[in-house]
Every structure is written in structure tokens, then in C-alpha cells.
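A.B. asks: Submitted below is the structure of interest, expressed as C-alpha cells.
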Amino acid sequence: MDQKAYEQFLGLERDHWWFRGRRAVYLGLLEHHLGGQRPARVLDLGCGNGGFLEGLDRVGDHVFPSDISLESLVTCRQRGFPDGVVSSGYALPYADASFDLVCMFDAIEHIEDDERAMREVARVLRPGGHILVSVPAYQFLYANNDRVAQHFRRYTRPRLAGVFEQAGLVVERNSHANIFLFPVILPAVLAIKVLEKVLKKDASSDHTNLSWPIPQFVHDLCFRLFAAELPFTKRFDWPVGHSIVAIARRS
């Protein structure tokens, strides 16, 4: 990920509605799906600055952060998670069947060969273990925000299901997320893409939608709207939304 994006994430993850909403929905869905089970060993792969580590610590017994960025792992250590390991998604420095749960929160879209990475995740999962993945949805929404974050792609649910299945994993949940704000986000992103094209905006610009100044009360409102989908997501998979969250199991 671009260093500018890392810096933005570190500065915004506490208060920005998008970060807060993801934590509420994804961790809430994970806890519901596990049904009271407490994984002994949890790998947060592509952990970045560790925004999900505290939440995962409530879900499992021992959380291991891993990222390609050493600077990010230093931040994770400062947050109380010292067992971080630098790794790529292609060669994880862990033994076979060594984790009960692997999470990749908006991480696999940063990996060029996502199928190869998922096969490596399947290798380190114990039989019966789970993998949770969240990704951005719809390639037609690919914009400068994705370029700055160095995304190789955005996903559809069938595309993500195929990544799991080719690794021998059984898909158990596959839902869109960020539902209630999607009717606002969709035209806004499309308008920005048109504006960038008309103005011939430099693709190297580090400006993203996270750069926009937003009053705190708007953050709070958007967070509540994002989090409000959780009771429904626990019951069924949403057919549309700005993101996708999926859970698969190693049989």
C-alpha cells in the first residue's frame, strides 16, 4: 500500500465512519458466525496499522499480526501486539495447519495473484478453521482511491467465491456490506470518476475520498447507518453494496 494511504489510515481509523463501520459489521458478523467458539490462534494477514487487532483479541486467544510493511508492524507492537511477522501473501512463515482463524480485512485486493495467496492461506488453516475476507466491490467503481491504495482489482461475490473455491475452501457466507450508504456512494464515485477524466486529473495524485474534511456529526451519522446493517447481515447475504465480506472454511 502507498505510504500516504498508511498515514491516512493511521490518522483516521479511530473516528472516521468507514473504519468504525467496518469494525462493527465485520467483527459482529464474525462473532455471530463462530457461535461462541473462541479460536486459539488468529492471524490478521495484511493487518496494516492494526485497526482490527483489539477487536480480534476479543474474539480469539492469541492474535498474530502480519504485513508486508515493517513500519506497520512497529505500530502494531506499540498497540500491544508484539508477535508481528513481515510476510507476503505468497509465502507465509508459518507451519501447515497452524491457525484456527485467518482474517484479511481489505487486504487481498493488494495482492496481484489472489488465488495463489488464498491457497497459501488454506495451507496455514487447520481443518475446520475459518477465513474471513473483506474487499471493495465492483470493478466499474475503480477510481483514484484504489490507485493510491494500490488495489489490483475490485470484486463481485462470484469472483470472490471462486478465489475461495479454487483453494479448496467452502464458502459459508458471502455478503455485500456498506449497504444503506451505497445509494449515496454510487453516484458520488461515478461523478468523481467523470470529473477526473474531464479534468485529466493526474493519476499519481495522492488525494482520496478519505482526504475530504467531514464534520464529526456526519461521521457519527454515517457510522450508525453502516452499523445498522449488522442485524440483517447476521441473517442473510446482501445482494448489493459498496463492499463484500465473506467467510469460508477449510473442510
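A.B. asks: If one puts a single equal scatterer on every Cα of segment 3-250 and applies the Debye formula without solvent, what log₁₀ I(q)/I(0) results at q = 0.09, 0.14, 0.15, 0.17 Å⁻¹?
C.D. replies: -0.36, -0.93, -1.09, -1.44
A.B. asks: With each run of n ≥ 4 DSSP H residues scored as -39500 (n - 2.57), what mean residue ellipticity at 222 nm is computed for the chain after dividing by its residue count and rounding to the nearest 500 deg cm²/dmol?
C.D. replies: Calculated at 222 nm, the ellipticity per residue is -12500 deg cm²/dmol.
A.B. asks: Per residue, how many Å² of accessible area does the chain show with a 1.4 Å probe?
C.D. replies: 46 Å²
A.B. asks: Roughly how many Å is it from the Cα centre of segment 109-129 to that of segment 213-251, as a whole number?
C.D. replies: First find each Cα centre; the distance between them is then 24 Å.
A.B. asks: Let me ask another. Would you mind finding the longest exposed-site-free stretch of the chain, with exposed trypsin sites (Lys or Arg not before Pro) meaning DSSP loop and at most 11 other Cβ atoms within 10 Å?
C.D. replies: Segment 15-199 is the longest.
A.B. asks: Here's a follow-up. Given H placed on each backbone N at 1.01 Å, which residues far from Trp238 in sequence or on other chains put an amide H within less than 5 Å of it?
C.D. replies: Here His176 satisfy the definition.
A.B. asks: Carbon and sulfur together cover what percent of the accessible area of segment 1-130 at a 1.4 Å probe radius? Could you put the intermediate results ahead of the total?
C.D. replies: Details: 2640 of 5410 Å².
So the carbon and sulfur contribution to the accessible surface is 49 percent.
A.B. asks: Ignoring the sites themselves, what is the longest stretch of the chain with no chymotrypsin sites (Phe, Trp or Tyr not before Pro) in a DSSP loop and at most 13 other beta-carbon atoms within 10 Å? If you can, show how the numbers build up before the last one.
C.D. replies: Numbers: sites that count: Tyr90, Phe152, Phe236.
Counting at most 13 other Cβ atoms within 10 Å as exposed, the longest clean stretch of the chain is 1-89.
The values are calculated or read from the model by the stated rules, or taken from the named source; none is laboratory data. Just so you know, these numbers come straight off a predicted model, no measurement behind them. So basically every Cβ, Gly included, is an ideal-geometry build from the backbone, and we count neighbours across all protein chains shown. Keep in mind that these areas ignore ligands, DNA and RNA; they rest on the heavy atoms of the full protein, side chains included. Shrake-Rupley method; radii C 1.70, N 1.55, O 1.52, S 1.80 Å.
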